[in-house]
Amino acid sequence: MSALPGLREGRLANRQLLEAGRLARALAALDGDGEETRLVGGAVRDLALGEAVGDFDLATTALPEVVMKRARAAGFGVAPTGLAHGTVTLIVDGRPIEATTLRRDVDTDGRHAKVAFGRDFRDDALRRDFTINALSLTPDGLVHDYVGGLVDLAERRVRFIGQAHQRIREDYLRILRFFRFSARYGDGRLDREGFDAAIAERAGLAILSRERVRAELMKLFVASRAPQVLAAVCEAGLLQPLVAGQTDAARFARLTAIEAVGESAPDPLLRLGALGVRVTEDAERLRERLRLSNAETERLAALARGLADLHDGEAPPALGALRRLLFERRRQGALDALALFHADSDAAPDDWRFVRARAFLLSTPEPTLPITGADLVARGVTHGQRVGATLKKLQALWIRAGFPREPEALARLLDQALEP
Ligand code: ATP
Ligand code: MG
């Protein structure tokens, strides 16, 4: 399977991780003496692709008490994080590895499953969501694939295991996971059966917690095929109810092209802004719907304000407008607003005038008014209220004058600001 650079004849090509290091030690502690333990899920998928691995998740025949006992004996830290579901967190070299006892779903309610412990790795694979997520790896380097996950991975297909409708009814979060994994590991097209089922079962999205929705969406937004997948998702009307507003997948796609030119890392919040922020009320609504933090909400609001400033002027913005933007919205807000202003314009993603404008915002110090409240008090302005009002007036004059820093010019502006 040449399309999977991490594998050779069904085995891991590079065995280093299994021979030494924290994963090897965790496997050694839990494997053998009548128990079997494997690396499962996303880590195996990413190793097969030859990509960097995030977290290690283990599946084991050993019951949680046995896992804890063996882990302590091996000198690992142990946290019984999800004992009811059979999950124990091992702390190996200061970082967590989750070990979960094999289980079968006994009952599901659309989000949570009742489970019973089992000893069959095939059953464990069948409970998982997509074929590419159901691989497991034994300490000898062999990849076990019960559901055709390797072929799908090589062909960049994200497919539900079993019947898509049924799998979604067991857990509606899988609708969003389907989009996220398709955008990350697929070729940009959505598996027909999965997509049809997601559309048919969309009402179930309403039972998901906003935190979960937010977490899935943010991961979806930064995936490499997010533009294609979001185009389909928005067209089918699946995203609008989640954000309670309009979504603009074309604008999202233009932003990703602009980000690529600027070689900036995909930014989930800015991408959310591209999808759904035009005015400050949008930021407030998204805060509600997706439980954004105050800082995130403020960033989107600054973006909306900066965007409004820019839309009042010319495209691409002139130097004066950029300076003003930098002063009023600070660097982050200014960069965000410029990016979406660019996305809203007819300019190509690599339009040099926008590229230069971005470089200017990145390299220019944020202007700060060289006169403070103390200077005003020294000039005899006494009431706090008047100090504030005068500063505001001065600020407006300073912007209009083009941010001068020479003492004479500043003194003139100050005189003007102090005029009744
Ligand atoms: P990532 O790199 O994004 O963490 P991952 O594959 O590790 O990818 P996780 O959400 O961490 O994804 O889940 C770990 C594994 O658990 C998955 O690979 C999948 O096998 C299984 N899994 C997670 N959530 C579900 C779910 N809702 N339904 C079925 N299986 C799931
Ligand atoms: Mg994971």
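So for region 196-211 (the condition being of a type in the set (A, V, I, L, M, F, W, C), over 23 Å from Asp105 (Cβ atoms) and either more than 10 Å from ligand 1 (Cβ to nearest atom) or in a helix (DSSP H, G or I) (or both)), does at least one residue qualify? Within region 196-211 (the criterion being of a type in the set (A, V, I, L, M, F, W, C), over 23 Å from Asp105 (Cβ atoms) and either more than 10 Å from ligand 1 (Cβ to nearest atom) or in a helix (DSSP H, G or I) (or both)), the answer is yes, since at least one residue qualifies.
Among residues that are more than 23 Å from Leu290 (Cα to Cα) and in a helix (DSSP H, G or I), Ala183 is not included.
Pairing residues of region 270-293 that are within 12 Å of Ala337 (Cα to Cα) with residues that are among the basic types (Lys, Arg) and open to solvent by less than 20 Å² (accessible area, probe 1.4 Å), at Cβ distances under 7 Å and at least 6 apart in sequence or on separate chains, gives Ala274/Arg251. Only helices (runs of 4 or more DSSP H) whose full extent lies in region 370-420 are considered here, and the ones with at least 2 residues that are of a type in the set (D, E, K, R) and either exposed (fewer than 15 other Cβ atoms within 10 Å of the Cβ) or at pLDDT 85 or above (or both) are 384-400, 407-418. Counting the residues of region 105-150 that are buried (at least 19 other Cβ atoms within 10 Å of the Cβ), in a loop (DSSP other than H, G, I, E, B) and either within 16 Å of ligand 2 (Cβ to nearest atom) or polar (S, T, N, Q) (or both) gives 4.
Within region 377-406, residues that are within 19 Å of Leu325 (Cβ to Cβ) have Cβ atoms under 6 Å from residues that are among the polar types (S, T, N, Q) in these pairs: Leu397/Gln416, counting only partners at least 6 apart in sequence or on another chain. Given the condition in the same structural domain as Arg254 (by TED's automatic domain parsing) and part of a loop (DSSP other than H, G, I, E, B), answer yes or no: does some residue in region 324-331 qualify? The answer is no; no qualifying residue exists.
Given the criteria within 16 Å of ligand 2 (Cβ to nearest atom) and over 26 Å from the mean Cα position of the chain (by Cα), does Leu102 qualify? Judged against the criteria, Leu102 is not a match.
Criterion first (surrounded by 14 or more Cβ atoms within 10 Å (Cβ to Cβ), closer than 12 Å to Thr101 by Cβ, away from ligand 1 (no atom under 16 Å from the Cβ) and in the same structural domain as Ala134 (by TED's automatic domain parsing)) does Ala62 satisfy it? Yes: the conditions hold for Ala62.
Figure legend. Inter-residue proximity from region 86-103: first residues without any contact (Cβ under 8 Å) to a residue 12 or more places away in the chain, second residues among the small types (Gly, Ala, Ser) and part of a strand (DSSP E or B), beta-carbon distance below 6 Å, spacing 6+ or different chains. Indicated pairs: Thr89/Ala79. Only residues that are open to solvent by less than 60 Å² (accessible area, probe 1.4 Å) and touching a strand residue (DSSP E or B) at 6+ places or on another chain (Cβ under 8 Å) were counted in region 1-28, giving 10. Taken as a whole, the condition of being in the same structural domain as Ala274 (by TED's automatic domain parsing), open to solvent by 20 Å² or more (accessible area, probe 1.4 Å) and assigned to a helix (DSSP H, G or I) applies to Ala359. State all residues of region 270-317 that are touching a Lys or Arg at 6+ places or on another chain (Cβ under 6 Å) and under 26 Å from Leu208 (Cα atoms); if no residue qualifies, say none. If the condition is that a residue be touching a Lys or Arg at 6+ places or on another chain (Cβ under 6 Å) and under 26 Å from Leu208 (Cα atoms), then Ala274, Leu290, Arg291, Thr297 are the ones that fit. Would you please name the residue that is most open to solvent (accessible area, probe 1.4 Å), looking only at residues in region 151-168 that are within 19 Å of Ala236 (Cα to Cα) and assigned to a helix (DSSP H, G or I)? Result: His165. Just one of the numbered conditions (1) under 23 Å from Ala249 (Cα atoms); (2) without any contact (Cβ under 8 Å) to a residue 60 or more places away in the chain; (3) surrounded by 14 or more Cβ atoms within 10 Å (Cβ to Cβ) is not true of Asp346: (3). Every test in (1) more than 16 Å from ligand 2 (Cβ to nearest atom); (2) in the same structural domain as Pro227 (by TED's automatic domain parsing); (3) open to solvent by less than 70 Å² (accessible area, probe 1.4 Å) is passed by Arg177 save one, and that test is (1).
The values are calculated or read from the model by the stated rules, or taken from the named source; none is laboratory data. Predicted model only: the values in this text are computed from it and were never measured. Counting neighbours? That spans all protein chains shown, and the Cβs are built from the backbone with ideal geometry, glycine included. Side chains included, ligands, DNA and RNA excluded: accessible areas come from the protein's heavy atoms. Shrake-Rupley method; radii C 1.70, N 1.55, O 1.52, S 1.80 Å.
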